[in-house]
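The values are calculated or read from the model by the stated rules, or taken from the named source; none is laboratory data. Being a predicted model, the structure only gives us computed values, none of them experimental. Here Cβ is always computed from backbone atoms with ideal geometry, including for glycine, and neighbour counts include all displayed protein chains. To get the accessible areas, we keep the full protein, side chains included, count just its heavy atoms, and leave off ligands, DNA and RNA. Shrake-Rupley method; radii C 1.70, N 1.55, O 1.52, S 1.80 Å.
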Amino acid sequence: MGACKGCSQFFLVLVNIIFSLIGIALLVVGCIVRWGNEFMNNLLQDSYSKLTKALQDAGVDSNLNDFNIADFVGDATLAFIILGAFFFVLGILGCIGACCQVKCMLVIYVIFLVILLLVEVTFIILIFAVRSEVDSWIKKPFKTAIQKEYKGINATDSISIAINFVSVEFKCCGVENSGDFNSSTLWRHETNVANPVIPAICCKNKTESEISDCVQHPDDNNSYRNQGCYEAIESWLTDNQNVMIGVGAAVLAVELLLMIFSLIVCKTNRKKDDYDEY
């Protein structure tokens, strides 16, 4: 039993040190991105240059000099900070609880793991049980961004650049199709063409004459008008689902092992306490 307890303690300490480091990393990244815009933009300058070149190669003349990573990720930085704090506290609880054999800390640690496991399982069930509602919930903010903030193929604001990049990378148009751009007016002045039907980013070919024809007379040969980005990304995820299933299964297995090893340490400590009383 002593060897089993020792292995359990070692595994708990090792994994929870990793949890703590992940928590610290998420906290630092979240705080820097949220409040250290200049530092992050300088750090990512090479990435901005590569992204600019990729967009220009695809016919998108965007300049990322005005790009601000904090504006792009928005409130997602809060998620990084909250997740970082959670993983840091979880790691400290597990590490100290296992190392110093503090039963109450291990009990709280197991409760946190159970809650985390239940949240993950619930999320997975909801994805399959109410798929249409989940899809609608995810699509809504992206459609809103397209309709209210998208400014065209050469725009330099964060939202437009993100939409342009996704459209180029996945060869798609809009969230569901080009109809998502119908109620948007900001992009309609991106070319000199009168009464454009679709934005230039949805066109397959990027020369000036081809774009002029495409935006006025789009069809399946010259545009991606019927290829929604949501479906394109979904197809990419499906193609890589084996990797994601493997990662998810590994995460669940590690969480179950952590709970089992925590209970083993708690149980051996209780037996030791009972023995000491005699």
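Quick look at the values:
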{"quantity": "Gained length - residue 216 relative to residue 99, 0.36 nm times residue gap less alpha-carbon distance", "calculated": "35.3 nm"}
{"quantity": "Separation in nanometres of the label points that stand 7 Å from Cα toward Cβ, at residue 182 and residue 169", "calculated": "2.9 nm"}
{"quantity": "Overall dimensions of the stretch 121-223 by Cα: Rg and Dmax, Å", "calculated": "15.4, 52"}
{"quantity": "Accessible-area composition of the stretch 102-154, carbon plus sulfur, in percent [1.4 Å probe]", "calculated": "75 percent"}
{"quantity": "Karplus (6.51, -1.76, 1.60) ³J(HN,Hα), θ = phi - 60°, over the stretch 186-201, in Hz, Gly and Pro reported as x", "calculated": "4, 7, 5, 9, 6, 10, 8, 6, 7, 6, x, 8, 10, x, 4, 5"}
{"quantity": "Residues with amide H under 5 Å from that of residue 174, placed H, sequence gap 5 or more", "calculated": "229"}
{"quantity": "5 angstrom amide H check on residue 223, placed H, neighbours 5+ away", "calculated": "204"}
{"quantity": "Ranking by accessible area, most exposed first, for 95, 100 with a 1.4 Å probe", "calculated": "100, 95"}
{"quantity": "Efficiency of FRET from Cβ geometry, residue 189 and residue 236, R₀ 30 Å, rounded to 0.05", "calculated": "0.40"}
{"quantity": "Heavy-atom accessible area order for 217, 189, largest first, 1.4 Å probe", "calculated": "189, 217"}
{"quantity": "Solvent accessible area, Å² - residue 143, 1.4 Å probe, full protein context", "calculated": "50 Å²"}
